[in-house]
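K.L.:
I am attaching a structure below and will ask some questions about it afterwards.
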Amino acid sequence: MFKLPIPNILYSEVLDACIAGITGNPILKGKLTSDKNDLLNKAIDYDTFTPLAQLHRIHPVTASNTKITTNLTKEDLKKLYTQYFTPADKPAGVVYDRLRMICKDECPFCAGIGTPENLDHFLAKSKFPQFSVFPNNLVPSCRDCNMGEKGQTHPSNPNEQYLHPFLDDDIFYNEQWVFATYHPPYQASAAIEFFTNPPLKWQNFQRARACKHFIDFNIKARYAKLAANELVSTLDQMRKLLKLGFSAKVVTETICEPIYNHSKGPNHWRTVMYMALEDHLIVNGSLD
Ligand SMILES: [Zn+2]
């Protein structure tokens, strides 16, 4: 839900750093050196297919002894990540840290609800080991968005591909597709209810992808929780101004507009919440 800049890190240099860091395993070092170009070519497919929602064309592997390139097995490539990419004392360790810093402490999958602590494989390394150390497949994510379970179900058609923070179409990040309704207090507290309504001009698979992302990352409930915390004080402010005799227009211009005009994108929970409050007050003339 947040777009991140494509990592300015050359994959070939990452592989070279991994090769330089392999000590005590000359066989793996030799295999990686000879198969480096195979891995670079597979990464070209990844970069081509991702923005087209065609990642399902890359098939998952299951058996650990499956050859992924001429010489490298699935186990070799998983080991490459855990033993020669993530450890801080290995030459490739700096790449891990640079990738983690790209997100500026805001998780791209949930539009900053959580703070990323780790890098996550967009395509799981257990099924797509050819991308185990490919920078574009390593996305910072928060604990709640971790692809762990989700990664076990890879896309089988264009509708099922999650939004990719580095490579996906700008429409998902620049156009509004998350909306909300304000529910005034009636036998219960006031609440903001979030829902998806992607633009009709989008293609069907694009609409399906946005909705799947919203559901599988549990955005509805997570947004509602944040909104509920802020709603109490916001309603208090707005009601006070209405009581003082200010019009609905002035109240929304004072309270809502500054928030959504300076928020973090059209689908951020705060943007959507304040637009919903504005709509409700303008149409109904009251927040109760
Ligand atoms: Zn997150």
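The values are calculated or read from the model by the stated rules, or taken from the named source; none is laboratory data. Worth saying up front: this structure is predicted, and the values here are computed from it rather than measured. Cβ placement follows ideal geometry from the backbone for every residue including glycine, while neighbour counts extend to all protein chains displayed. Please note that ligands, DNA and RNA were not included when accessible areas were found on the heavy atoms of the full protein model with its side chains. Shrake-Rupley method; radii C 1.70, N 1.55, O 1.52, S 1.80 Å.
K.L.:
Name the residues in the range 186-195 that are within 17 Å of G285 (Cβ to Cβ) and either surrounded by 12 or more Cβ atoms within 10 Å (Cβ to Cβ) or touching a Phe, Trp or Tyr at 6+ places or on another chain (Cβ under 8 Å) (or both), would you?
P.N.:
Residues of the range 186-195 that are within 17 Å of G285 (Cβ to Cβ), as a first pass: 186, 190.
Matches in the range 186-195: A190 only.
K.L.:
Sticking with this one: Condition first: open to solvent by less than 60 Å² (accessible area, probe 1.4 Å) and either among the hydrophobic types (A, V, I, L, M, F, W, C) or touching a strand residue (DSSP E or B) at 6+ places or on another chain (Cβ under 6 Å) (or both). Now tell me which residues in the range 20-34 satisfy that. Break it down stepwise before answering.
P.N.:
Taking the range 20-34 and keeping what is open to solvent by less than 60 Å² (accessible area, probe 1.4 Å), we get 21-22, 25, 28, 30-32.
The answer is I22, L28, L32.
K.L.:
Now a separate question. Checking the condition free of Cβ contacts under 8 Å to residues at least 24 places away in the same chain, surrounded by fewer than 13 Cβ atoms within 10 Å (Cβ to Cβ) and in contact with a strand residue (DSSP E or B) (Cβ under 6 Å, 6 or more places away or on another chain), which residue from N37, N8, N41, N65 passes?
P.N.:
Numbers: N37 fails: in contact with a strand residue (DSSP E or B) (Cβ under 6 Å, 6 or more places away or on another chain); N8 fails: in contact with a strand residue (DSSP E or B) (Cβ under 6 Å, 6 or more places away or on another chain); N41 fails: in contact with a strand residue (DSSP E or B) (Cβ under 6 Å, 6 or more places away or on another chain).
It is N65.
K.L.:
Of all residues in the range 100-141, how many are within 16 Å of the ligand (Cβ to nearest atom) and not in a strand (DSSP E or B)?
P.N.:
Here is the first cut: in the range 100-141, the residues within 16 Å of the ligand (Cβ to nearest atom) are 100, 102-122, 138-141.
In the following step, the residues that additionally are not in a strand (DSSP E or B) were identified as 100, 102-117, 122.
Of the residues in that region, 18 qualify.
K.L.:
Can P198 be described as crowded, with 18+ Cβ neighbours inside 10 Å and in a loop (DSSP other than H, G, I, E, B)? Steps first, answer last, please.
P.N.:
On the way: crowded, with 18+ Cβ neighbours inside 10 Å: yes; in a loop (DSSP other than H, G, I, E, B): yes.
So P198 passes the test.
K.L.:
Which residue, of A227, A221, is touching a residue at least 40 places away in the same chain (Cβ under 8 Å), of a type in the set (G, A, S) and part of a helix (DSSP H, G or I)? So that I can check it myself, show each step before the final result.
P.N.:
Details: A221 fails: touching a residue at least 40 places away in the same chain (Cβ under 8 Å).
Only one candidate passes the filter, namely A227.
Matching residues to (1) open to solvent by less than 60 Å² (accessible area, probe 1.4 Å); (2) over 24 Å from A221 (Cα atoms):
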{"position": "T234", "(1), (2)": "yes, no"}
{"position": "L242", "(1), (2)": "yes, yes"}
{"position": "V272", "(1), (2)": "yes, no"}
{"position": "N284", "(1), (2)": "no, yes"}
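K.L.:
Looking only at the range 166-190, count every residue that is of a type outside the set (S, T, Y) and without any contact (Cβ under 8 Å) to a residue 60 or more places away in the chain and tell me the total. It would help to see each step written out before you state the result.
P.N.:
Initially, the range 166-190 is screened for residues of a type outside the set (S, T, Y), giving 166-172, 174-180, 183-185, 187-188, 190.
Filter once more, so that each one left must be without any contact (Cβ under 8 Å) to a residue 60 or more places away in the chain: 171, 183, 187-188.
Residues in the range 166-190 being of a type outside the set (S, T, Y) and without any contact (Cβ under 8 Å) to a residue 60 or more places away in the chain: 4 in total.
K.L.:
Hey, another quick one. Just for the range 201-218: of the residues that are in a helix (DSSP H, G or I) and in contact (Cβ under 8 Å) with a residue 60 or more places away in the chain, which one is farthest from the ligand (Cβ to nearest atom)? Don't jump to the end; show me each part of the working.
P.N.:
Step one: of the range 201-218, the residues in a helix (DSSP H, G or I) are 204-216.
Still in the running and in contact (Cβ under 8 Å) with a residue 60 or more places away in the chain: 205-206, 209, 213, 216.
Numbers: F205: 23, Q206: 21, R209: 17, H213: 11, D216: 12 Å.
Going through the qualifying residues, I end up with F205.
K.L.:
Within the range 36-49, is even one residue modelled with pLDDT of 95 or more, in a helix (DSSP H, G or I) and within 14 Å of L80 (Cα to Cα)? Spell out how you get there, then give the answer.
P.N.:
So the first thing to find is which residues in the range 36-49 are modelled with pLDDT of 95 or more, and the list is 36-49.
Still in the running and in a helix (DSSP H, G or I): 36-49.
Add one more test, that the residue is within 14 Å of L80 (Cα to Cα), and what stays is 36, 39.
So far as the range 36-49 goes, yes, one or more of its residues are modelled with pLDDT of 95 or more, in a helix (DSSP H, G or I) and within 14 Å of L80 (Cα to Cα).
K.L.:
Show the residue pairs that are 6+ apart or on different chains and have beta-carbon atoms under 9 Å apart, the first residue being within the range 105-124 and without any contact (Cβ under 8 Å) to a residue 40 or more places away in the chain, the second being within 7 Å of the ligand (Cβ to nearest atom) and charged (D, E, K, R).
P.N.:
Listed pairs, sorted by first residue: G114/D144.
K.L.:
Give just the number: which of (1) part of a helix (DSSP H, G or I); (2) of a type in the set (A, V, I, L, M, F, W, C); (3) open to solvent by 50 Å² or more (accessible area, probe 1.4 Å) does A17 not satisfy?
P.N.:
Answer for A17: the failing condition is (3).
K.L.:
Evaluate the range 157-165: report whether one residue or more is assigned to a loop (DSSP other than H, G, I, E, B), farther than 26 Å from S263 by Cβ and open to solvent by 10 Å² or more (accessible area, probe 1.4 Å).
P.N.:
Taking the range 157-165 as the starting set, the residues that turn out to be assigned to a loop (DSSP other than H, G, I, E, B) are 157, 161-165.
With the extra rule that they be farther than 26 Å from S263 by Cβ, the set shrinks to 157, 161.
Filter again for open to solvent by 10 Å² or more (accessible area, probe 1.4 Å), leaving 157.
Yes, some residue in the range 157-165 is assigned to a loop (DSSP other than H, G, I, E, B), farther than 26 Å from S263 by Cβ and open to solvent by 10 Å² or more (accessible area, probe 1.4 Å).
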